[in-house]
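Each value in this text was obtained by applying a stated rule to the coordinates, not by laboratory testing. As the structure is a computational prediction, the values presented were derived from the model and not from experiment. Please note: Cβ atoms are built from the backbone with ideal geometry, for glycine as well, and neighbour counts cover all protein chains shown.
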Amino acid sequence: MTSYQPTAPHQAPSTSQQLLTVPQVMARLQLGRSAVYDLLRTRQLASIALGRARRVPTSALADFIRARLDQEAA
C-alpha cells in the first residue's frame with residue numbers, strides 16, 4: 001500500500017501581487033472614500049477593475065506613496 005503525500009498548499013501571492021479593496025486603501029492612507037476615488041479617477045493611484053469592483057495592487061500603493069515622498073522632498 002502506498003502512502004498518500006499531500007501536495008503543497010498554494011502559497012499566498014507575494015506582497016507586490018496582492019490586491020487591496022478601496023476600504024483597505026482608505027485605512028492604509030487614512031483617507032476618506034471620496035479622496036481615494038479621486039486618486040483613482042485622476043490616475044494618481046493605479047487600479048484594476050474586476051467587474052464592478054475596483055482593486056489596487058499593493059505595488060501601486062507603494063509607488064504612489066514613494067512618488068508623494070519624492071514630491072515632498074523636492
Charge sum, other residues only, whose C-beta stays under 15 Å from ARG68's C-beta, Lys/Arg counted +1 and Asp/Glu -1: -1
Radius 13 Å from Cβ of GLN44, net charge of other residues (Lys, Arg +1; Asp, Glu -1): +2
Reciprocal of mean inverse Cα separation for region 23-74 (Kirkwood radius, Å): 11.5 Å
Distance (nanometres) between label positions extended 7 Å along Cα→Cβ at LEU19 and ARG68: 2.3 nm
Simple spin-label estimate for ARG43 and ARG28 in nanometres, 7 Å along Cα-Cβ: 2.1 nm
